[in-house]
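Step one of this worksheet: look at the structure below.
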Amino acid sequence: MLKYTVRKAGQSLLLALGVLILAFAMVRMTGDPASLMMSRNASAEEREAFREAMGFNRPVLIQFVDWITDVFRGDFGDSLHFREPALPLVIQRLPATLRLAATGLAFAILMGVPLGLIAGFRANSLIDLFGRLIALLGQSIPNFWLGLILILVFGQQLGWFPVFGADKPESVVLPAFVLSLPVMGELLRLTRSAALEVRNEDFVRTAFSKGLHRHTIYIKHVLPNVAISLVSVIGVEFGYMLGGSIYIETVFAWPGMGQLVGQALGWRDFPLVQTIVVFTSLVVLGLNLLTDLIYALVDPRIRHGK
């Protein structure tokens, strides 16, 4: 296990270095950073003064070494809009994004896994067709469009849920449901496939022949086998939710990192955008590493490369 952990940690460090290089190059590849960050009406003297202040007139390699050294010290630079360090601004928004992603993941697991189990054991039944329809819709409907429809129906027409902000506990319901739908479809599809594979296994048929209740067989005999294949997917999908919530947070005015990155792009605050990209990527890499380690603990064949 130690060898497997060291190998995975090394791969994560290499990926983290790649993320840092990509984030640094992201601004430079689009042209002169001063032109991107400053107003179009800025004079040549103002642009030159900005380059001097930000260090953009130095060789690119030196800029990268200085920047990555500061990042390892926890200094991601200052926001141009707020005129203060960017990292604390991002961390302030992290709890709201975590709350949204965790609630969305809970919705996806609680609805996708049970429905996938039932659909797998009742293939080609009405509930199986319903489950496959949910999986198809969840992975094909644009979530920003669905969010607007839910705001119109459940917010404006019925008045059941708040549609903007995060002031009330129930404010999380609509954005979390929209965020969960693609993941719910993926979990439903995987659970159904896994259930189809194990339903004819000897231990399942023996359980049925003993007269055990169907729910007992699902929970005690089938779910543990299905869970092994779901562990890695759930970890990856949670990372997707953290990084992919920008549209949802913008549509519902949810005060998380996704809304902040949308605002930062509008303000041309590229140091803040760069900080959000790096911070989110590192969090996702950490989650993926944790998921790989849990997966290897649950299934020893993984760490032996089988």
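Before moving on, here are some points about what is shown:
- Residue selected from the stretch 147-163 under the condition open to solvent by 80 Å² or more (accessible area, probe 1.4 Å) and part of a helix (DSSP H, G or I), by the criterion nearest to Val233 (Cα to Cα): Leu148
For every residue, the table says whether it meets (1) open to solvent by 90 Å² or more (accessible area, probe 1.4 Å); (2) closer than 23 Å to Leu115 by Cα.
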{"site": "Arg132", "(1), (2)": "yes, yes"}
{"site": "Asp167", "(1), (2)": "yes, no"}
{"site": "Pro175", "(1), (2)": "no, yes"}
{"site": "Ala207", "(1), (2)": "no, yes"}
{"site": "Gly211", "(1), (2)": "no, yes"}
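- When we screen Arg28, Arg40, Arg7 for residues that are surrounded by fewer than 17 Cβ atoms within 10 Å (Cβ to Cβ), over 22 Å from the mean Cα position of the chain (by Cα) and modelled with pLDDT of 75 or more, the only hit is Arg7.
- Residues satisfying the stated conditions in the stretch 224-238, i.e. in contact (Cβ under 8 Å) with a residue 24 or more places away in the chain, more than 21 Å from the chain's Cα centre (by Cα) and open to solvent by 60 Å² or more (accessible area, probe 1.4 Å): Asn225
- Residue that is in a loop (DSSP other than H, G, I, E, B) and in contact (Cβ under 8 Å) with a residue 40 or more places away in the chain, where the choices are Ala166, Ala101, Ala176, Ala108: Ala166
- The residue that is most open to solvent (accessible area, probe 1.4 Å), counting only those in the stretch 239-276 that are assigned to a helix (DSSP H, G or I) and of a type in the set (Gly, Ala, Ser), is Gly266.
- Top-ranked residue of the stretch 64-93 - restricted to ones that are among the charged types (D, E, K, R) and surrounded by 15 or more Cβ atoms within 10 Å (Cβ to Cβ), ranked as modelled with the lowest pLDDT: Asp78
- Within the set Phe203, Phe279, the sole residue that is touching a residue at least 40 places away in the same chain (Cβ under 8 Å), in a helix (DSSP H, G or I) and open to solvent by 20 Å² or more (accessible area, probe 1.4 Å) turns out to be Phe279.
- Matching option when the condition is in contact with a Gly (Cβ under 6 Å, 6 or more places away or on another chain), small (Gly, Ala, Ser), open to solvent by less than 40 Å² (accessible area, probe 1.4 Å) and over 29 Å from Gly18 (Cα atoms), among Ala119, Ala96: Ala119
- In the stretch 179-200, residue farthest from Ile246 (Cα to Cα) [restricted to those that are in contact (Cβ under 8 Å) with a residue 40 or more places away in the chain and either part of a loop (DSSP other than H, G, I, E, B) or of a type in the set (S, T, N, Q) (or both)]: Arg199
- Sole exception among (1) surrounded by 16 or more Cβ atoms within 10 Å (Cβ to Cβ); (2) part of a helix (DSSP H, G or I) for Gly286, by number: (1)
- Residues that are within 15 Å of Pro255 (Cα to Cα), out of contact with any Pro (no Cβ under 9 Å at 6 or more places or on another chain) and open to solvent by less than 40 Å² (accessible area, probe 1.4 Å) within the stretch 99-112 comprise just one, Ala101.
- Some residue of the stretch 103-113 being of a type outside the set (A, V, I, L, M) and more than 19 Å from the chain's Cα centre (by Cα): no
The values are calculated or read from the model by the stated rules, or taken from the named source; none is laboratory data. Please read all numbers here as calculations on a predicted model, not as lab measurements. Glycine gets a Cβ as well: all are built from the backbone with ideal geometry, and neighbour counts include every protein chain shown. With ligands, DNA and RNA removed, areas are computed over all heavy atoms of the protein, side chains included. Shrake-Rupley method; radii C 1.70, N 1.55, O 1.52, S 1.80 Å.
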